[in-house]
1. Tell me, in nm to one decimal, what length is gained between Phe101 and Ser152 on full extension, where the rule is 0.36 nm per residue of separation less the Cα-Cα distance?
2. Go ahead and estimate [θ] at 222 nm for the chain from helices alone: -39,500 (n - 2.57) per DSSP H run with n ≥ 4, summed, over the residue count, rounded to 500.
3. Once a ≥ b ≥ c are taken as the square roots of the eigenvalues of the Cα gyration tensor of region 123-205, is the result rounded (a/c under 1.5), prolate (a/b larger than b/c) or oblate (a/b not larger than b/c)?
4. Which longest uninterrupted range of the chain lacks any trypsin sites (Lys or Arg not before Pro) assigned by DSSP to a loop state (not H, G, I, E or B) and surrounded by at most 13 other Cβ atoms within 10 Å?
5. Once the Cα atoms of helix 103-112 and of the chain are each reduced to a long axis, what angle between those two axes, in degrees from 0 to 90 to the nearest 10, is obtained?
6. Could you work out the relative contact order of the chain? I mean the mean sequence separation of Cα pairs under 8 Å and 6+ apart, divided by the number of residues, in percent.
7. So how much accessible area does Asp48 have, in Å² to the nearest 10, using a 1.4 Å probe?
8. Classify region 83-173 from the C-alpha gyration tensor, please: rounded if a/c falls under 1.5, else prolate or oblate depending on whether a/b exceeds b/c.
Amino acid sequence: MHRILTHVAAKPAAFVLACLPVAWLLWAALTDQLGANPAEALIRSLGDWSLRFLVLVLAVTPLRELTGWVALARFRRMLGLFVFFYVSLHLLAYAWFDMGFDLAAIVLDVIKRPFILVGMTGFVLLLVMAATSFNRAIRALGARRWQLLHRSVYLVAALAVLHFFWMRSGKNDFDEVVIYAAIFAVLLGWRLWRRLQGSRLSKRS
């Protein structure tokens with residue numbers, strides 16, 4: 001597995017795979033395969049893919065430590081940028097199809113609807129992380145401050161689940177919300193457990 005993950009073609013292949021969902025959605029939109037309400041289907045599908053890529057980002061570290069595949073870390077930054085990419089498309093689709101790019105209406109919608117406010121907050125945090133995801137930003141901020149800033153991804157995960165929960169509350173359909181909440185709880189709980197374990201070891205030494 002190490003040889004596959006470190007192969008020169010591994011990252012380009014991962015990039016192409018990460019682009020496939022948006023390519024399929026574009027094809028489905030052009031060929032009228034998104035159902036009776038294509039705008040809603042597109043917005044929700046982009047939101048779903050945002051959540052899936054967020055799961056992948058948070059799964060990199062546990063998988064790396066549990067499997068010993070240290071080369072997985074090579075893909076974390078790219079996957080994080082794809083989270084921002086899909087969330088940006090999700091927001092763009094909402095602004096276009098739901099709001100007709102009416103900025104005043106969007107601002108009013110953010111104020112009136114808590115789940116939109118939560119989603120926008122998550123987007124702003126992702127925007128900051130995407131803008132500081134490069135080596136020059138790490139040098140400018142310093143490794144410690146940069147790491148602290150990028151731990152905002154945990155808050156983004158919580159906001160994403162809350163956004164999804166409130167969005168689904170209108171239809172009283174929480175099955176997928178529970179699944180994502182459980183996955184994020186396991187991934188974040190694992191990190192907390194590792195940190196507590198590390199602090200206990202340091203006290204003993």
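1. Separation in residues times 0.36 nm, less the Cα-Cα distance, equals 15.5 nm.
2. The per-residue figure over the chain is -27000 deg cm²/dmol.
3. oblate
4. Here the longest run is 1-150.
5. 70 degrees
6. 19 percent
7. Approximately 30 Å² for this residue.
8. prolate
The values are calculated or read from the model by the stated rules, or taken from the named source; none is laboratory data. Only a predicted model underlies this, so the values are computations on that prediction, with no experimental measurement involved. For neighbour counting, all protein chains shown are included, and Cβ atoms are generated from backbone atoms with ideal geometry for every residue, glycine included. Just the protein is used for accessible areas: all its heavy atoms, side chains included, with ligands, DNA and RNA removed. Shrake-Rupley method; radii C 1.70, N 1.55, O 1.52, S 1.80 Å.
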